[in-house]
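Following: one structure in structure tokens, then a few remarks.
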Ligand SMILES: Nc1ncnc2c1ncn2[C@@H]1O[C@H](COP(=O)(O)OP(=O)(O)OP(=O)(O)O)[C@@H](O)[C@H]1O
Ligand SMILES: [Mg+2]
């Protein structure tokens, strides 16, 4: 297990955002975190990525209990997070965005533009991402392609764990499929992936383990063999409500 929580908890003032949550992610596996709005998904990944400290329980990296001092600390340990806003600059080219935030490499000498372009192109291709022109502004890419560039960037810069906060939530079926394919590709390259989503249809095909959160508490972590997509849907907070809603909205 590269990254693990044991009975982890977090409160914000009087709000108990997370209580006794245990989960893990192993190399070459995808752990899906499912739950309804306010379930604590983002709070959990913020703990994993060093944004928030935890109040109780343990966070383990390579089996050792740690206290992350911040996002930089997480990154130095190979834990990379692709946030929903992606931290990309739309008017900048694909290759510039690819190298955004990696300025320390300039200490090797002058920033080598030709090399940066070539690396971006090669890395995107290695992930199977077909960007026609790395000089085109990132803003001209589709949402799915932008997510894919962010994933390729994390892989290139040495991530061992890739955390994705709802990368498919704003996407249509086809685009979501594209992102799911890159998640599988990152997994096949040996990364541990934490994939946050509302959608059991996105989680089930690609996931190896499934953590279900409901109002800050865990409904359990299940292996792929232990749970069907239908069971995931039913377990998700809102599964039962959706059934009821379908009845309510249906015509008599
Ligand atoms: N910084 C904060 N200060 C106070 N309360 C917070 C803070 N962050 C989260 N919370 C509360 O913690 C709970 C869990 O929030 P969280 O953002 O983790 O949910 P989520 O599962 O990511 O929801 P969504 O699907 O809407 O993104 C919520 O009740 C939220 O209001
Ligand atoms: Mg969230």
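Taken together, the values in this text are just the output of simple stated rules run on the coordinates, not laboratory data. None of these values were measured; they are calculated from a predicted model. Here the Cβ is made from the backbone with ideal geometry for all residues, glycine too, and neighbour counts use every protein chain on show.
Laid out as a table, the results:
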{"read-out": "Value of D in µm² per second that Stokes-Einstein yields for the chain, Kirkwood Rh from Cα pairs, at 20 °C (1.002 mPa s)", "value": "113 µm²/s"}
{"read-out": "Acute angle (nearest 10 degrees) that the helix 173-188 long axis makes with the longest principal axis of the chain, alpha-carbon atoms", "value": "80 degrees"}
{"read-out": "Inter-label distance for residue 87 and residue 157, nm, one decimal - labels placed 7 Å from Cα along Cα-to-Cβ", "value": "0.6 nm"}
{"read-out": "Crossing angle, helix 239-249 versus the chain [Cα axis fit, 0-90 degrees, rounded to tens]", "value": "80 degrees"}
{"read-out": "Residues 174, 41, sorted so that the one with the fewest Cβ neighbours within 10 Å comes first", "value": "174, 41"}
{"read-out": "Computed lengthening from residue 122 to residue 188, 0.36 nm per intervening residue step minus Cα-Cα distance", "value": "22.0 nm"}
{"read-out": "Beta bridge orientation in the chain: antiparallel %, DSSP, nearest 5", "value": "50 percent"}
{"read-out": "Projected label distance in nm at residue 251 and residue 26, using a 7 Å step from Cα toward the beta-carbon", "value": "5.1 nm"}
{"read-out": "Most to least packed among 120-130, 90-100 [average Cβ atoms within 10 Å]", "value": "90-100, 120-130"}
{"read-out": "Convex hull of Cα atoms in the range 124-252, direction-averaged projection (nm²)", "value": "10.2 nm²"}
{"read-out": "Over the range 1-93: Kirkwood hydrodynamic radius from C-alpha pairwise inverse distances, Å", "value": "14.1 Å"}
{"read-out": "Label point at residue 170 placed 7 Å out along Cα→Cβ; residues across the range 121-145 whose backbone nitrogen lies under 15 Å", "value": "138-145"}
{"read-out": "Ordering of 71-82, 27-38, 4-15 by burial proxy (mean other Cβ atoms within 10 Å per residue, highest first)", "value": "27-38, 71-82, 4-15"}
{"read-out": "Rounded FRET efficiency, nearest 0.05, which uses the C-beta distance separating residue 181 from residue 56 and R0 of 35 Å", "value": "0.40"}
{"read-out": "Separation in nanometres of the label points that stand 7 Å from Cα toward Cβ, at residue 112 and residue 136", "value": "2.7 nm"}
{"read-out": "Whole-Å distance, taken between Cα centres, linking the range 168-242 and the range 37-81", "value": "20 Å"}
{"read-out": "222 nm mean residue ellipticity, helices alone, for the chain (DSSP H n ≥ 4; -39,500 (n - 2.57); rounded to 500)", "value": "-10500 deg cm²/dmol"}
